[in-house]
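Asks: This is the structure I have questions about; it appears just below.
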Amino acid sequence: AKMAAAASDLLTGWCLFGLALLAILIFCWIYVRKYQSRRESEVISTITAIFALAVALITSALLPVDIFLVSYMKNPNGTFKVWADANVSRQIEDTVLYGYYTLYSIILFCVFLWIPFVYFYYEEKEEDDGNTCSQVKTALKYTLGFITVCAVLLLIGAFVPLDIPNKKNSTEWEKVKLLFEEFGSSHGLTALSFSISSLTVIGMLAAITYTAYGMSALPLNLIKGTTSAAYERLENTEDIEEVEQHLLRIKSKCRDGRPLSSRDRRALKQLEERLRTLRRRERHLESIEKSWWTKFCEAIRPLKIVWGVFFIIVALLFTVSLFLSNLDKALHSAGFDSGFIILGTNLTNPLNMLLPVLQRVFPLDYILITTIVMYFIFTSMAGIRNMGIWFFWIRLYKIRRGKTQPQALLFLCMILLLIVLHTSYMIYSLAPQYVMYGSQKYLVQVRSIVGTYSQLGDIFRSLLYVSILFLFTLDQCIVTRTYLFLHKFWFFSAAYYFGNWAFIAVFLIGLIVSCCKGKKSVIEGEVDDDDSDLSDDELSLYYH
C-alpha cells in the first residue's frame, strides 16, 4: 500500500511537471509575441527565441525538483522510505543527472550553434536578399568560430586533471593514460562541468549587469506606477504648439525670397524631426488612453503596489543573505586558493534561518526556493527590458513592446540562458546545506558515546556531537545532482565569490538610482527619433 501510494505521488508529480512544462511553453510564446516586431518577424527566429526561453525556464525549474526528490526519499525521522532502497534511489539520482546532462547539452547547443547560426543567417538575409544557399554558407562560416570555442572548452574540461599525480618518475605515456582514465571514470561530467562553468562566469557578468538592476527597478516601478496618459497627452500637445511656433518664426524669414542661413536650416530640420516625434507620441498616447488594457491596469493598481512591496522584500532578503554568506566565506574560508569554499555555515543568514522553519510545513520551503529562482529570472527579464542590450558602452538593441528586432530577441534569450546557469550557484551561496541535502534528516546512534562524556564540559560535548553528526550526514544523506556541477574547479568558485560582491554593489547602486528617479512615462522607450511611421501601426495593433 505504501509503495502504491508512493507511485501515485510520483505519478501526480510527473503530471504537475507536464502541466508546468505546458505553462512554460505558453508563457514563452506570449512573451516573444508581445515584444517581437510584427513587420520584421521571422518564423525561424521566433521558434528559436521561444525554444531558448523555454529551455532557460525549464533548467531553472530543475533545481527545486532536484531538492524535492532527494528530500522525498526519506521520512521526517531520518529513515529511508520503504520504496527508496539503494536501487530506486540510484535510479532517481541518475534520472535527475541525465536531466541535467540533457538540459546543459541543449544550452551548449543553443549558445554555441543554433542561436549564432540563426542570428548570422538573419543578418545576411537583411544585407543580401539573394541566394538562400549563400546565406546559409556565410552563417555557418561565422558559427564555426563558436563551435571551435565550445570544442576547446570541452577538451580542456575533459583532459585537464583535477588531481595531479605526485610521482616524479612517471612517464609521459602514464600521464596521458591517466588523463583518459579520468575522462572515462567521470563519464564526461568534468568536461561538461568545465564548459558550463565557463558559460556561468559569463552569466555572472550578465547577472551583475541586468539582474542586479532589475531586482531594484522592477519592484519600485510597480510601486511608483506610470504617469497618466491624459496628463502626458496634454503636455505633449503644448510641446507640439511650441515647436510649431518655432517653425513658423524660422519660415517667416524667407517669405521675401531670401534664403535661410545654414544655422536656420539645421534648426529647421531638427524642429521638423522633433515635430514628427511629438506627433507619433500623440498617436501612441491616444491609442493607450483608449485601450482596454490601460483601464485594466488602472483597476489593478493596488495589486501592483502589493506585488511591488513583496518583490522588494524578496530582493532585500536575497541581498542580505548573499552579503552574510559572502562575509562568512571571507572570514572563515581557506582563501583564494580554495575558491573561498567553507564546510557548514558560521554566520546565519535570513534565508538559512527561514528554510528550516518552512520545512515543517510541506511544501512551503519548495515554494520559497521556487519563488526565489523565478524571481531571479523575471527580474533579469525586467533588467534587460529596461536597459536594452549593451556591448560595453555601445547600445546594440532595445527591447520594446511590438517593435523588438529578431536579433535583439535572440540576444535576450542567450543572455537569459547564461543567467540561468549562474542561478544555481547564487542559490547555493544563499543556502548551501539546503541546496546539497534539501530537508533530509539523519539518524544518530551515538547517544551512548555522548553520554559517556557527560561529565566533560558543554563545549567539548557539543564539538564531539557536531563532528559525529557530520560523519553521519555524509553517510546517510543523498546529495543533490546540482552540487556535482558546482565547485569542480576552485578558480571558478573564486570568480563567483568576487562576482557576488559586485552583484551586491550594483544592486545597491540601482536601488538608489531607482528611488531617485520619478515615475516612468506610460510610453517609456516606445517612441524614438529613429522610428518610422510604420511603427505606429505596430503599436496600434498591440493595444487594439
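Asks: With θ taken as phi - 60° and the coefficients 6.51, -1.76 and 1.60, list the Karplus ³J(HN,Hα) couplings across segment 114-119 in order, rounded to whole Hz; mark glycine and proline as x.
Replies: Once rounded to whole Hz, the list reads 5, 5, x, 5, 5, 4.
Asks: Mind listing the long-range amide H neighbours of TRP390? Cut-off is under 5 Å, sequence gap 5 or more, other chains count too, H placed in the peptide plane at 1.01 Å from N.
Replies: Result for TRP390 returns LEU396.
Asks: Once phi is turned into ³J(HN,Hα) by the Karplus curve 6.51 cos²θ - 1.76 cosθ + 1.60 with θ = phi - 60°, what whole-Hz value does each residue of segment 490-503 show in order, with x for glycine and proline?
Replies: Whole-Hz 3J(HN,Hα) from phi for segment 490-503: 5, 5, 5, 4, 5, 5, 5, 4, 5, x, 5, 5, 5, 4.
Asks: So what is the accessible area of segment 359-433 per residue, in Å², with the probe set to 1.4 Å?
Replies: For segment 359-433, the solvent-accessible area averages 36 Å² per residue.
Asks: Where does each of 140-151, 397-408 land if you order them by average Cβ count within 10 Å, highest first?
Replies: So the peptides 140-151, 397-408, ranked by packing, come out 397-408, 140-151.
Asks: Obtain the radius of gyration and the Kirkwood radius of segment 25-67 from its C-alpha atoms and give Rg over Rh. Show your work: numbers first, answer last.
Replies: On the way: Rg = 12.5 Å, Rh = 11.2 Å.
Rg/Rh: 1.11.
Asks: R0 = 30 Å: FRET efficiency of GLU273 with ALA23, Cβ-based, nearest 0.05? Provide the component values of the computation, followed by the final result.
Replies: Details: r = 45 Å, r/R0 = 1.49.
Calculated transfer efficiency: 0.10.
Asks: Figure the gain on full extension for THR46 and ARG283 (residue separation times 0.36 nm, minus the Cα-Cα span) and round it to one decimal in nm.
Replies: Details: separation 237, 0.36 × 237 = 85.32 nm, distance 2.82 nm.
Residue separation times 0.36 nm, minus the Cα-Cα distance, leaves 82.5 nm.
Asks: Cα-Cα over 25 Å: which of LYS398/LYS519; LYS398/LYS517; LYS34/LYS304; LYS137/LYS398; LYS290/LYS520?
Replies: LYS137/LYS398, as the Cα separations exceed 25 Å there.
Asks: Once amide H atoms are placed 1.01 Å from N in the peptide plane, what residues at a sequence separation of 5 or more from LYS520, or on another chain, have their amide H within under 5 Å of its amide H?
Replies: Those lying under 5 Å, H to H, from LYS520 are THR227.
Asks: Might you work out the accessible area of CYS515 for me, using a 1.4 Å probe with all protein chains in place, and round it to the nearest 10 Å²?
Replies: Here the residue's solvent-accessible area equals roughly 90 Å².
Asks: Now for a different question. If you bin every alpha carbon distance in segment 240-373 into 5 Å steps from zero, what whole percent lands in each bin?
Replies: Per 5 Å bin, starting at 0, the Cα pair percentages come out as 2, 8, 9, 9, 8, 7, 6, 6, 6, 6, 7, 8, 6, 5, 3, 2, 1, 0.
Asks: Are there trypsin sites (Lys or Arg not before Pro) in segment 210-291 that DSSP puts in a loop and that have at most 10 other Cβ atoms within 10 Å, and which ones? The partial results should precede the final answer.
Replies: Numbers: sites: LYS224, ARG233, ARG249, LYS251, LYS253, ARG255, ARG263, ARG265, ARG266, LYS269, ARG274, ARG276, ARG279, ARG280, ARG281, ARG283, LYS290; in loops: ARG255.
Sparse-neighbourhood loop trypsin sites (Lys or Arg not before Pro): ARG255.
Asks: Here is a further query. Under a 5 Å amide H to amide H cut-off, with H placed in plane at 1.01 Å, what residues pair with LYS74 once short-range neighbours are removed?
Replies: For LYS74, whose amide H was placed from the backbone, the distant partners under 5 Å are LYS81.
The values are calculated or read from the model by the stated rules, or taken from the named source; none is laboratory data. Keep in mind that this is a model prediction, so the values were computed, not measured. Every residue, glycine among them, receives a Cβ derived from its backbone with ideal geometry; neighbour counts consider all protein chains shown. The protein model used for the area step is the full one, side chains on, heavy atoms only, and it has no ligands, DNA or RNA in it. Shrake-Rupley method; radii C 1.70, N 1.55, O 1.52, S 1.80 Å.
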